[in-house]
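Notes follow once the structure below has been shown.
The values are calculated or read from the model by the stated rules, or taken from the named source; none is laboratory data. Note that this is a predicted model, so its numbers are computed, not measured. Note that we place each Cβ from the backbone using ideal geometry, even for glycine, and neighbour counts take in every protein chain shown. Just so you know, the surface numbers come from the protein's heavy atoms only, side chains and all, with ligands and any DNA or RNA stripped out. Shrake-Rupley method; radii C 1.70, N 1.55, O 1.52, S 1.80 Å.
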Amino acid sequence: MLTWANLWSQVFNGLARGALLALISSGLTVIYGTLGVLNLAHGAMFMIGGYAGYVAFSYTGSFIAALLAGSGVVLAVGLVMERVVIRHFYDRPHEDQILVTFGLGICFVEIIRFFFGSLSRSMPPPARLSGITSLGFMVYPTYRIAVVAIVAVSLLAIYLILYRTRLGMIVRAGIEDSGMVDCLGIDVHRVFMVVFGIGSMAAGFAGIVNLPVAPITPDMGDSILVQAFVVIVIGGVGSYAGAVLGGLIAGEILSISSMIDPAYSYVALFAVMTLVLMVRPRGLLGAESRT
Amino acid sequence: MIVAPIASAHRRWLPELATAAALIAAPPILSHLGFVPDTMSRILVLGLFGIGFDLLFGYTGLLSFGQAAFFGTGGFTAAYLLTRLGLSSVMLSLALGTLAAALCGAVVGLIALRRTGIYFAMITVAIAQVFFFLENSPLANFTGGENGLPGVPAPTFSLGFATLPIHSGWSMYGFIAACYFVGLLVARRIVQSPIGCILAAIRDNPLRAAAVGHDVHGYKLLIFVIAAAYSGLAGGLLGVLQGYMPPDAFSFDTSGQLVMQTVIGGAGTLYGPLVGAAVWLYLRDFLQESAGLGAQWKLVLGVIFVLLVCFLRRGIIGGLKDLITLAGRRPEGAVERSAGGGVPDGDGVPPAPARPPPPPPSMPPLPASNRTSGPILKASALSKRYGGLIANNDIHFAVEEGELRGVIGPNGAGKSTFFKMLTCEVAPTSGSIAFRGKDITGMQVTDVCQLGLTKSYQVSQLFTRLTVRENLTIAALASLRGKLRIDLLKSPARVRTLHSRVDGTLELVDLTERCDVPASALAYGEKRRLEIGLALATAPSLLLLDEPLAGMSPMERIETVKLLKSIAKGRTLIIIDHDMDSLFELTERITVLERGCVLAEGTPLEIKNNPVVQAAYLGPGSDP
């Protein structure tokens, strides 16, 4: 039904969905922009975050504990993954990097499946954020409003860390010329490791925030990864602002078009991506990409 | 490895014969290992699927994660024709399915190939996902949605005197093995054709492949369509094999599994996907049943895959090849004889053997002194700005046919930018360039090279993973075949004058002895000579050389100056360099650039004594 109330609620759904996509994609794009590696295991990070949060919640019953534990676990996974595998792939072709992260993603999914099985799990929203809120012109689930707020804060936090701190300055210098940063006596590898960890954590954090919205399964990361690809193709690979903008656009397209006909929502998203590729191949906010 | 210099005829067919023998011998041998006919047929279907992907990824370097789109398209088209439209001929349906997949490949390729590298991988994933969604809901009336299409019939062949029905089991294996064999034959011809050579060039250095005159985008699209056609045929065969077309043919897992199989078996081998599929299915059955792992088999395969990517990137076949070369190192030189014994022709100009119908664009050097009236190259009011920076400003520049021109200027004078504009690598902000009276402003570098204007680069741009001979063959093919020709099944040996062109160029740049060495293994001076050779092999009538002498030792400089002198016979040359002595010795006229403008032009003697030029080089101490 095409009514104003319906449209508004879909716009808000799109905002919540887009915010999550923006957070996930920003992690992917920051890792690519800094390290030059496209992480195909990024969807798995989202999934691991969800499961880690689920475990923490089922032991403590606390949403905050779930957020902390989930983020911590994914951060650790990201750091170890960079240190043990990714680091050896910086000098190898992009194709090899894509292959190895793809393989790692499959391993992560199968490990989680081993421990939790294929059944879906879910978690209720925290008591204080459950129920609905009246926005004057419509009522809307409180938690989804909270999702937008939580994601906005975390996006801002990542932005400040990456663009307004000493670490951020090194990161951006490393994007330009990592060899030179190395020569200046800065351990650029350690910085890269941290960036990979933070980027992964963004996806994992989104996975926990998403937990009360949608149930989790081990292979949920695949479709999220594909959507994140579309987001950064639209926004421009390597551009932080592009990931945020692209995420919001993608969220709105998916939600509003599914109001008209859910079957075509993904097709609509793809059509927009194609349009962007035709008109502006490097993405809405993308600079000239590296290689 | 791709331009195998004409091996004797029977040895060239050895892999095909071995494959045929293996396909025939496989049933009795592999059944002892516990393979059932259906599994073996399935391996062949996946192997055929993989041949197309290997052409795309292994040979051309385009990593697509979306091949499931074409697998599904071909499969569902064939299955729909057979089950719902009641088409009786299985072969016709398979062909139509293949065609449908190829058409989809053309459309998807036009979108996805707008970008390369990681963009390409991401876009193919996204597009394949759209196919998956389309199949699942909007097109569910045609595809059966989540149920797929059951009831796909097996083919029956009429031999006139008898009919030969195909059932599941061994007769199905025979049918699919025949399809696989044909697919392999075609793929091997493609790999050995001139196009195979160009694909390797695109994988190695797409920019240079375009610069020597190949339509890189056209060839990429071509191979993308071919890969899609292979996928479509394999998809159709899957339906025929199972009697049922499953919806998960479109899933991301299908694409991912294809990539993994190919890497496990070994990319760039054509056989890799087949080996990978065999290992995959064997391990799946083995781990699931015998080892009792249940659902964890995929984790084991994932770990194996990651380890292979880390430590054995060339897969099982690549690893075996390395083992064999390690075990039985054959003395080198055996190969060189076939190559070096070419055409020693005295003055080092590629000999142009008498040929009745001379192909016009393949004009070797020494053109029949067609001194037209105007200059061969004329730049008028050429300017280039990068934002506020003016790299070149209002340059007027003309070179006569047969001239040997030098361009000098202090660092940052805009010489390289000037050259890039002349070869159309960079579009000028304003002004125009005419080559032989034809306006080439705004043309593509590929087209300009096809017209006979090319450049050797300041920093060598070689096909580093290919041998010296292959490097030159790639460049020569561009001028002998034009920028895009679809001779997929032709042998390079049948490209007229290719061999003599390559041998002649080898000799000219003095690399005949080194013709089977990979370009990456050459010494610096040799790389520079090969760089010049790449430009030469395109048979340019106007050759631009960007600092050919830079970084060379005094001895190498003398050799290179000699080389440049011999090249100059019958060609027009423009040379940028900082080595004044060599340029003064070599050239007839010199143009001096400074701060993006033409400062002076004249004979070497005039330039040497020009006070303005001296001031530009020595600083403003002696202001004129």
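Looking at the stretch B:476-624, the accessible area is 41 square angstrom per residue; that uses a 1.4 Å probe and ignores ligands, DNA and RNA.
Rounded to whole Å, the principal axis extents of the Cα atoms in the stretch A:130-251 read 57, 32, 24, largest first. Label-to-label distance, B:Leu87 versus A:Thr142, with points set 7 angstrom from Cα along the beta-carbon direction: 6.0 nm.
Assign one of three labels to the stretch A:1-112, namely rounded, prolate or oblate, based on the Cα gyration tensor with a ≥ b ≥ c the square roots of its eigenvalues; rounded applies when a/c is under 1.5, prolate when it is not and a/b is larger than b/c, and oblate otherwise. Can you show the working numbers first?
On the way: a/c = 2.61, a/b = 1.44, b/c = 1.82.
Since a/c reaches 1.5 but b/c is at least a/b, the shape of the stretch A:1-112 is classed as oblate.
Between B:Gly66, B:Met91, B:Pro37, the Cα set farthest toward the positive side of the dipole of the stretch B:1-136 (charges on each charged residue's Cβ, about the Cα centre) is that of B:Gly66.
Remind me, relative contact order of the stretch A:1-157 in percent, using alpha carbon pairs under 8 angstrom and six or more residues apart?
After rounding, I find 31 percent.
Maximal additional length on extending the A:Thr133-A:Asp177 stretch stands at 10.9 nm, based on 0.36 nm per residue less the C-alpha distance. Please report, to two decimal places, log10 I(q)/I(0) for the stretch B:3-99 at q = 0.14, 0.18, 0.21 Å⁻¹ as given by the Debye formula with identical point scatterers on the Cα atoms and no solvent. Cα-only, vacuum Debye calculation for the stretch B:3-99: -0.83, -1.09, -1.12.
Calculate the tail of P(r) for chain A: the fraction of all Cα-Cα distances greater than 36 Å, expressed in %.
Details: 5929 of 42195 pairs.
Pairs farther apart than 36 Å: 14 percent.
Out of all DSSP beta bridges in the stretch B:535-624, what portion is antiparallel? Express it as a percent rounded to 5. Antiparallel bridges make up about 50 percent of those DSSP assigns within the stretch B:535-624.
Within 10 Å of each Cβ of A:90-102, how many other protein chain Cβ atoms are there on average? Display every interim value, and only then the final one.
On the way: counts 0, 0, 3, 4, 7, 13, 5, 2, 8, 14, 8, 2, 11.
Mean shielding count: 6.
Remark: the stretch B:279-296, residue by residue, has Karplus-estimated 3J(HN,Hα) of 4, 4, 5, 5, 5, 4, 5, 5, 5, 6, 9, 5, 7, x, 7, x, 6, 7 Hz, where x stands for each Gly or Pro and the curve is 6.51 cos²θ - 1.76 cosθ + 1.60 at θ = phi - 60°.
Using 1/(1 + (r/R0)^6) with R0 = 41 angstrom and r between the beta carbons of B:Arg494 and B:His167, what's the FRET efficiency to the nearest 0.05?
Details: r = 43 Å, r/R0 = 1.05.
Once rounded, the FRET efficiency stands at 0.45.
Computed over chain A, relative contact order equals 37 percent, with contacts defined as Cα pairs under 8 Å that lie 6+ residues apart. Each Cα pair under 8 Å and six or more residues apart adds its separation to the average, and for the stretch B:253-312 the resulting relative contact order is 25 percent. Checking the a/c ratio against 1.5 first, then a/b against b/c, what shape does the Cα gyration tensor give for the stretch B:436-485? Because a/c hits 1.5 or more and a/b fails to exceed b/c, the stretch B:436-485 counts as oblate.
Suppose the chain between B:Arg595 and B:Ser553 were pulled fully straight at 0.36 nm per residue; how much longer would it get relative to their current alpha carbon spacing? List each step's numbers first, then the result.
Working: separation 42, 0.36 × 42 = 15.12 nm, distance 2.89 nm.
Result for the pair: 12.2 nm of gain on full extension.
Sparsely packed loop sites in the stretch B:110-218 (the chymotrypsin sites (Phe, Trp or Tyr not before Pro) outside DSSP H, G, I, E and B with at most 15 other Cβ atoms within 10 Å) comprise B:Phe161. Stokes-Einstein, applied to the Kirkwood radius of the stretch A:235-291 over Cα pairs at a viscosity of 0.692 mPa s and 37 °C, places its translational diffusion at 279 µm² s⁻¹. Per-residue shielding of B:125-132, expressed as the average number of other chain Cβ atoms within 10 Å of the residue Cβ, stands at 6.
How would you rank B:591-599, A:7-15, highest first, on the average number of other Cβ atoms within 10 Å across their residues?
On the way: B:591-599: 20.6, A:7-15: 18.2.
My ranking of the peptides, most packed first, is B:591-599, A:7-15.
Remark: mean inter-chain Cβ contacts per residue of B:304-313 equal 5, using a 10 Å Cβ-Cβ cutoff to other protein chain atoms. If every alpha-carbon in the stretch B:239-297 counts as one equal scatterer, what log10 I(q)/I(0) does Debye give at q = 0.18, 0.21, 0.23, 0.25 1/Å? Values, matching the q order: -0.78, -0.96, -1.03, -1.05. Among the chymotrypsin sites (Phe, Trp or Tyr not before Pro) in the stretch A:30-83, none sits in a DSSP loop with a Cβ that has at most 15 other Cβ atoms within 10 Å.
The reciprocal of the average 1/r between distinct C-alpha atoms defines the Kirkwood hydrodynamic radius, which for the stretch B:151-289 equals 17.6 Å.
Work out the FRET efficiency for B:Phe584 and A:Arg280 from their Cβ-Cβ distance, taking R0 = 60 Å, and round it to the nearest 0.05. Write down the numbers at each step before the final one.
Values: r = 49 Å, r/R0 = 0.82.
Using R0 = 60 Å, I get an efficiency of 0.75.
Over all pairs of different C-alpha atoms in the stretch B:501-624, the reciprocal of the mean inverse distance, the Kirkwood hydrodynamic radius, equals 16.1 Å.
Can you pull the Kirkwood radius for the stretch B:265-305, inverse mean 1/r over Cα pairs, to one decimal in Å? Roughly 10.6 Å, rounded to one decimal.
Summed over both chains, the contact between A and B buries some 3700 Å² of accessible surface at a probe radius of 1.4 Å.
Less than 5 angstrom separates the built amide H of B:Cys597 from those of B:Asn393, all sequence-distant by 5 or more or on a different chain.
With axes computed from alpha carbons, what is the tilt in degrees of helix B:498-508 against the longest principal axis of chain B, rounded to the nearest 10 within 0 to 90? Once rounded, one gets 40 degrees. For chain B, rounded, prolate or oblate, judged on the Cα gyration tensor with a ≥ b ≥ c (square roots of eigenvalues), a/c < 1.5 rounded, else prolate if a/b > b/c? Judged from the Cα gyration tensor, chain B comes out prolate (a/c at least 1.5, a/b above b/c).
For A:Phe116 and A:Val84, what does the FRET efficiency come to when R0 = 22 Å and r is the distance between their Cβ atoms, rounded to the nearest 0.05? Mind showing how you got there, number by number?
Details: r = 24 Å, r/R0 = 1.07.
For R0 = 22 Å, the calculated efficiency reads 0.40.
Pick out which of A:Ser223, A:Ser200, A:Ser154 has the largest mean-square fluctuation in a Gaussian network model of chain A, springs linking Cα atoms closer than 10 Å. Maximum among the listed residues: A:Ser223. Rounded to the nearest 20, the size of the Cβ-charge dipole of chain B about its Cα centre is 740 debye, with Lys and Arg at +1 and Asp and Glu at -1.
Taking the 0 to 90 degree range and rounding to the nearest ten, how far is the long axis of helix B:90-112 tilted relative to the main principal axis of chain B, both from C-alpha atoms? Approximately 40 degrees, to the nearest ten. Applying a length cut-off of 30 Å (Cα extent along the axis) and a mean Kyte-Doolittle floor of -1.0 to the DSSP H helices of chain A leaves A:4-35, A:63-84, A:94-116, A:142-163, A:188-210, A:240-260. Only the Cβ atoms of Lys and Arg (+1) and of Asp and Glu (-1) were treated as charged; on that basis the dipole of the stretch B:137-273 about its Cα centre amounts to roughly 440 debye. Evaluating 6.51 cos²θ - 1.76 cosθ + 1.60 at θ = phi - 60° for every residue in the stretch B:527-538, the Karplus couplings come out as 4, 5, 5, 5, 4, 5, x, 4, 5, 5, 5, 7 Hz, glycine and proline recorded as x. Solvent-accessible area assigned to carbon and sulfur over the protein assembly as shown amounts to 64 percent, based on a 1.4 Å probe. Note on the stretch B:365-474: Rg/Rh from Cα positions, Kirkwood definition for Rh, rounded to two decimals, is 1.00.
As a test of the formula, what do you get for the protein assembly as shown when each DSSP H run with n ≥ 4 contributes -39,500 (n - 2.57) and the sum is divided by the residue count, at 222 nm and rounded to the nearest 500 deg cm²/dmol?
Numbers: 35 runs with 531 residues, N = 915.
Calculated mean residue ellipticity at 222 nm is -19000 deg cm²/dmol.
In the context of the full protein assembly, A:Asp219 retains an accessible surface of approximately 80 Å², using a probe radius of 1.4 Å and ignoring ligands and nucleic acids.
Mind putting a number on the dipole of chain A about its Cα centre? Charges go on the C-beta only, +1 for Lys and Arg and -1 for Asp and Glu, and I need it in Debye to the nearest 20. Provide the component values of the computation, followed by the final result.
Working: 15 positive and 14 negative charges, 119 e Å.
Using only the charged Cβ atoms, the result is roughly 560 debye.
Ranked by the mean number of other Cβ atoms within 10 Å of their residues, highest first, the peptides B:51-58, B:101-108 come out as B:51-58, B:101-108.
Note on B:Glu289 and B:Ala18: the extension gain reaches 94.3 nm, defined as 0.36 nm multiplied by sequence separation minus the Cα-Cα distance. Mind pulling the angle between the C-alpha long axis of helix B:14-32 and the longest principal axis of chain B? Nearest 10 degrees, somewhere in 0 to 90. It works out to around 30 degrees.
Using only alpha-carbon positions, what ratio does the radius of gyration of the protein assembly as shown give when scaled by 2.2 N^0.38 Å?
1.05
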